[in-house]
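These notes are about the structure you will find just below.
Quick note: the coordinates plus some simple rules give every number you see, no bench work behind them. All values derive from a computational prediction rather than experimental measurement. We place every Cβ from the backbone using ideal geometry, glycine too, and count neighbours over all the protein chains shown.
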Amino acid sequence: MFTHLMVISGAFWILTYILIISRGFRDKTYGMPLVALCFNISWEFIYTFIRPHPIPHIYSNIIALLLDIIIFYQLLLYWPNEFSNMSKFRFYLLVFSSLIIAFSLVFFISYTFNDNIGFYMAFGQNLLMSILFIKMLLNRSGLRGQTIYIAIFKLFGTASASSAFYLFDPIDRGSILLNSLYLGIFLLDLLYVMMIFQKTR
C-alpha cells in the first residue's frame, strides 16, 4: 500500500507540473516560485543520479526532473514579466545563488541524516513550497500561471505521500517533526485551494 500511495503521489505531482507548464506558456510566465523550483530540481537530481531511488519511484523522479527543467526554461524566458524592476545581472545572480544554496542544503541534509529516501528534505521543502505558492498568489495580480486544478492536484500529491509515510513507514512513527510537517503542508495547501477558488469567483 505504501508503494501504491507513493505512485499516486507521483502521478498527482506530474499532473501538477504539466498543468503549471501549460498555464505558464498560456500566460507567458512561470507557475512555480523560483526558490521552490530550485529546491525541486536539486532534490530530483540528487535522488535520481547521486542517491537514486529504487524502481518504480525513480521513474517519477526522472519525469518530474524533466518537467521541472521545462518550468525552469519558462522562468528564464518570462522572468521580465514578474521582475520588471530587476536587472538581468541581478536576476541571474539570484537564480544561480538559489540553485547553489538549494542543492547544498538538500545534499548535506541527506548525508547528515543518512536519508537515502530524502523524506526529511522532501517534506521540509514541501512546506516551504506551500508558503511560497501562497506568497506568489498574493504578489501577482490575478491568477497568472495558476489554476484551481494546479492547487487541487498539488494538495492531493503531497497528501498522498504524507498518508503513505504516516500509515506505513516505521521511521515516521512517533516523529513530532514529520507529523507537524504533514499537518502544516495540508493546511497551507488547503488554504491555497480556498484562496485560488475565491479569486476564480
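For the reader, a short list of remarks on this structure follows.
- Candidate lysines for bridging to K154, where Cα separation is under 24 Å - those fewer than 8 sequence places away on the same chain excluded: K28, K135, K199
- Taking 0.36 nm per residue of separation and subtracting the Cα-Cα distance, full extension of the segment from K88 to Y111 would add 4.8 nm.
- Residue order, fewest to most beta carbons within 10 Å, for M195, M1: M1, M195
- Spatial offset of region 36-60 relative to region 66-111 amounts to 17 Å, using the alpha carbon center of each.
- Hydrodynamic radius by Kirkwood, which averages 1/r over all alpha carbon pairs of the chain, in angstrom: 17.2
- Anisotropy class of region 1-76 from Cα gyration tensor, a/c 1.5 cut: oblate
- Cβ-based exposure ranking for R90, R140, in which fewest neighbours within 10 Å come first: R90, R140
- 3J(HN,Hα) couplings calculated from phi for region 44-57 with the Karplus curve 6.51 cos²θ - 1.76 cosθ + 1.60 (θ = phi - 60°) are, in sequence order, 5, 5, 5, 8, 10, 10, 9, 10, x, 6, x, 5, x, 5 Hz; Gly and Pro show x.
- Sequence-distant residues sharing a close amide H with M86 (under 5 Å, placed H): none
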